[in-house]
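Heads up, the thing below is written out as structure tokens.
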Amino acid sequence: MSRWILPLALTAVAGLSLAEDKPAERPKPEPDTTPLELTITGKTTKYTLETGGQSSADYAKQVEEAGKGGRPTPTPVIDLAAEIKNTSDKPIQVWTTGDPVLLTLTVKGKGTLNLDPPIAFTEEFRLPKAVEIEAGKTHTIPLKSLTSGFRSRSHYSYWTEPGEHEIVATLKTGVSPAPKGAKETMDGFGTVMLTSPAFRVAAEEKK
């Protein structure tokens, strides 16, 4: 009887490993007729945890208090990109800048924080600008820090402890021609929401 224990255990471990290595399922766009995909890309996946010499707990407390006061602590620097891919067989217009465009980064993992501090913004409306993405091609948006959201400075994300974390990007934008089911907005564009698969990074303690 005992001779079967080890092979079965190895099979179970192998199955678990395969499950862990399986790529995450790509989130569907909204509406699901949208011919676009959003992906975070980049070769730099290891970053130094900068706490200013504080413990993780003290650093997290400082970050939260600063956010409540509307003077958020600078977010970690990253070297990644968000890629918008046209999965259709025709060119498509996509808003990439302007107030209706909302690119937000969310960090997940032990010791992560995602804050929306009370930030004041000027009241003028910044019109959206579109780029044309050819069929099967991509448009790249550089990601240089974990500050994102409205005008790239309304949402602040942090890792406060070393370890593995995940970054997920969401993009609310306008597309022309408007996909079926999309809410139509100015100039015949339709509002869509894209979500990227999680991108894994590691934060390491400063040596």
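We did not get these values from a lab; they are worked out from the coordinates using the rules stated. What you are looking at is a predicted structure, and each value in this text was computed from that prediction instead of being measured.
Tabulated data for the structure shown
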read-out: Read-out mean projected area of the Cα convex hull in nm², derived from the coordinates shown; its label in (i) 16.5; (ii) 17.3; (iii) 11.1; value: (i)
read-out: Dimensions (Å) - region 22-64, Cα atoms, principal axes, largest first; value: 48, 25, 19
read-out: Among the listed pairs Lys43/Lys206; Lys61/Lys183; Lys28/Lys110; Lys28/Lys129; Lys85/Lys183; Lys46/Lys68, those beyond 32 Å (Cα-Cα); value: Lys61/Lys183
read-out: Calculated [θ] (222 nm, deg cm²/dmol) that DSSP helices of n ≥ 4 give over the chain, each run adding -39,500 (n - 2.57); value: -4500 deg cm²/dmol
read-out: Length-normalised contact order of the chain in % [C-alpha pairs under 8 Å, at least 6 apart]; value: 30
